[in-house]
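Have a look at the structure below before the remarks.
Every number in this text was worked out from the coordinates using simple rules, so none of it is lab data. All values reported here derive from a predicted model rather than from experimental measurement. Here the Cβ positions follow ideal geometry from the backbone for every residue, glycine too, while neighbour counts run over all protein chains shown.
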Amino acid sequence: MFSLNGRIVIYAEANLSTKQSPPRQDARVPRAHGDEKRPARAQTAPRQRPQAADAGALLKRLVLSSNLAPVKSSQALPKRCRLRARAEFQKIYAEGQRYDGRLLAAFLRRNELPEHRLGVTASTKAVGKSVDRNRARRLLRELFRRSAAEMNALKRRYDWVLNAKRTLLSSNEELRFREFRRIIEQVAAAEQSRAQARPSGRAHE
């Protein structure tokens, strides 16, 4: 019986040892909960910094794109501002005022429109072959288009005919704009002198 009881005791101890294993598993439960919190700590890590860097790079690209030159279609002179009919050119030559420069000659006639209009010429005699004439016309249109702010400062609106000279092709951009804006200044001075002459003329009357 003693040996049996010993067996029973040993069996009971074995059972106790096996029954104590679940508490060990339970003891791991808090560790499991602790492991569940670790991903949360990993999520709180500053992973948004790469996104901020990407946003900064995108902003730089947008700023650079905003500084790009407009497409050629948007730079074209509107049709309503172009002079094409031969009769219009002849009327400006006959009735307009001429301003001469080293690179071009400008003929102006006042119009009754809310905007300036442009006609350009580049003759074979003055400029040369076809490719040079086309380039000269393009340069004249660029002068007119990019000087809109200066021309709009004039008190009146005019029809302009710009005649290219051979020297226009060999000039740089700075020289071209300097000469054209000098012509605009001469037009403004002529407007001012006419405005000052009117009251004196009426006084004599």
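What is the packing order of peptides 114-124, 85-95, taking the mean over residues of other C-beta atoms within 10 Å and listing the highest first? The partial results should precede the final answer.
Numbers: 114-124: 16.9, 85-95: 12.9.
Sorting 114-124, 85-95 by mean packing, highest first, produces 114-124, 85-95.
Can you tell me how region 79-204 classifies by the Cα gyration tensor, rounded, prolate or oblate, using a/c under 1.5 as the rounded cut? Display every interim value, and only then the final one.
Numbers: a/c = 2.04, a/b = 1.71, b/c = 1.19.
It comes out prolate by the Cα gyration axes.
For every other residue with a beta carbon closer than 11 angstrom to the beta carbon of residue 171, add +1 if it is Lys or Arg and -1 if Asp or Glu, then tell me the sum.
Cβ neighbours under 11 Å give a net charge of +2.
Once Lys and Arg get +1 and Asp and Glu get -1 on their Cβ, which of 99, 131, 89 lies farthest toward the positive end of the dipole of region 79-204?
Of 99, 131, 89, it is 131.
Rounding to the nearest 20 debye, state how big the charge dipole of region 79-204 is about its Cα centre with +1 on each Lys and Arg Cβ and -1 on each Asp and Glu Cβ.
Numbers: 32 positive and 14 negative charges, 83 e Å.
Dipole magnitude for region 79-204 comes out near 400 debye.
Jot down the radius of gyration and Dmax of region 120-182, Cα atoms only, both in angstrom.
Rg, Dmax (Cα atoms, Å): 12.2, 38.
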